[in-house]
Amino acid sequence: MVRDLSRRSDETELMDADDVSYETFRGCLQDLARLNVLSLGYRPTLGFLESLRRQGRLDLGRPVEILDAGSGYGDLLRQVDAWAERRGIAVRLTGMDLNPWSARAAAEATAAARPIRWQTGDLFDHAGRADVIVSSLFAHHLDDDRVLRFLRWMEERAGIGWFVNDLHRHRLPATAFGPLARAFRFHPFVVHDGPASFRRAFTPGDWSRLLARAGLPEGAAQVRRAAPFRLCVGRIKPA
């Protein structure tokens with residue numbers, strides 16, 4: 001059955017259930033990390049950080065504080081850590097996720113000596129600030145009201161800027177992802193949640209409306225597409 005994609009779906013995803021075991025949750029996250037590698041999913045976020053570097057915005061005379069909201073398996077921050085090390089940029093990286101299994105899985109996959117810490121909690125209760133806030137495949141888990149709250153929270157808490165790396169709601173991936181995921185033998189949760197994620201995701205028009213409702217001035221944040229079927233929103237604050 002062809003589903004209506006004219007607006008965001010409110011269907012639930014299996015990995016968001018409260019009774020998911022640690023082994024199941026970790027297996028799902030591991031395959032999502034594998035998918036991010038195959039789809040070049042880290043590239044938009046690293047490109048945003050690179051643009052900040054080229055503009056000199058990361059020359060702070062101290063480690064750059066970067067917070068990953070909804071950090072999951074921690075694979076994005078491990079990529080950011082490697083990117084910063086290659087460029088000689090000192091960083092302090094924090095991953096925050098509501099699910100307690102996330103910090104455990106991320107810590108197990110991360111060398112202890114790296115400048116990354118993992119926290120469990122509701123990001124809206126996080127009173128601290130960061131120079132840059134990033135998120136990857138997190139926003140589509142939120143309903144519109146919480147997306148608005150998320151945008152306002154990032155705008156308040158990020159000193160230099162913020163970047164949302166998420167999915168583009170589109171019929172092709174919503175239809176084709178399930179069969180492809182089965183062919184690649186991804187975790188059953190990924191097979192189920194992938195199409196649901198695309199149906200829960202955003203269009204450029206969605207982001208334009210949400211940014212306006214969040215009170216951001218027109219043009220303050222840039223909405224850009226990235227292959228394959230990513231839709232990203234970046235905000236660099238005036239120096």
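The values are calculated or read from the model by the stated rules, or taken from the named source; none is laboratory data. Values in this document were obtained by computation on a predicted structure and should not be read as measured data. Quick reminder, even Gly has a Cβ in these numbers, built from the backbone with ideal geometry, and neighbours come from all protein chains shown.
If you check TRP118, TRP153, which single one turns out to be over 30 Å from LEU5 (Cα atoms) and either buried (at least 18 other Cβ atoms within 10 Å of the Cβ) or in contact (Cβ under 8 Å) with a residue 12 or more places away in the chain (or both)? From the options TRP118, TRP153, the qualifying one is TRP118.
All conditions in (1) without any contact (Cβ under 8 Å) to a residue 60 or more places away in the chain; (2) closer than 21 Å to GLY47 by Cα hold for PRO195, with the sole exception of (2).
Say we look at segment 177-223 and pick out the residues that are more than 20 Å from PHE25 (Cα to Cα) and among the hydroxyl-bearing types (Ser, Thr, Tyr); which of these is surrounded by the most Cβ atoms within 10 Å (Cβ to Cβ)? My answer is THR203. For the structure I just gave you, tell me whether ASP81 is more than 23 Å from ARG213 (Cβ to Cβ), at pLDDT 95 or above and touching a strand residue (DSSP E or B) at 6+ places or on another chain (Cβ under 7 Å). Criteria met by ASP81. When residues of segment 56-78 are filtered for being assigned to a strand (DSSP E or B) and without any contact (Cβ under 8 Å) to a residue 24 or more places away in the chain, how many remain? Of the residues in segment 56-78, 0 are assigned to a strand (DSSP E or B) and without any contact (Cβ under 8 Å) to a residue 24 or more places away in the chain. Out of ASP81, ASP97, ASP31, ASP68, one residue alone is closer than 20 Å to LEU180 by Cβ, of a type in the set (D, E, K, R) and surrounded by 17 or more Cβ atoms within 10 Å (Cβ to Cβ). It is ASP31. Every listed requirement among (1) within 23 Å of THR45 (Cα to Cα); (2) basic (Lys, Arg); (3) in contact with a Leu (Cβ under 7 Å, 6 or more places away or on another chain) is met by LYS237 save one, (3). Within segment 88-115, being under 20 Å from ALA130 (Cα atoms) and not aliphatic (A, V, I, L, M) holds for GLY88, ARG92, THR94, GLY95, ASP97, ARG114, PRO115.
Conditions tested, residue by residue: (1) under 17 Å from GLY41 (Cα atoms); (2) in contact with a Ser or Thr (Cβ under 9 Å, 6 or more places away or on another chain); (3) among the aliphatic types (A, V, I, L, M).
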position	(1), (2), (3)
PHE124	no, no, no
VAL134	yes, yes, yes
LEU142	no, no, yes
LEU151	no, no, yes
GLU155	no, no, no
PRO179	no, no, no
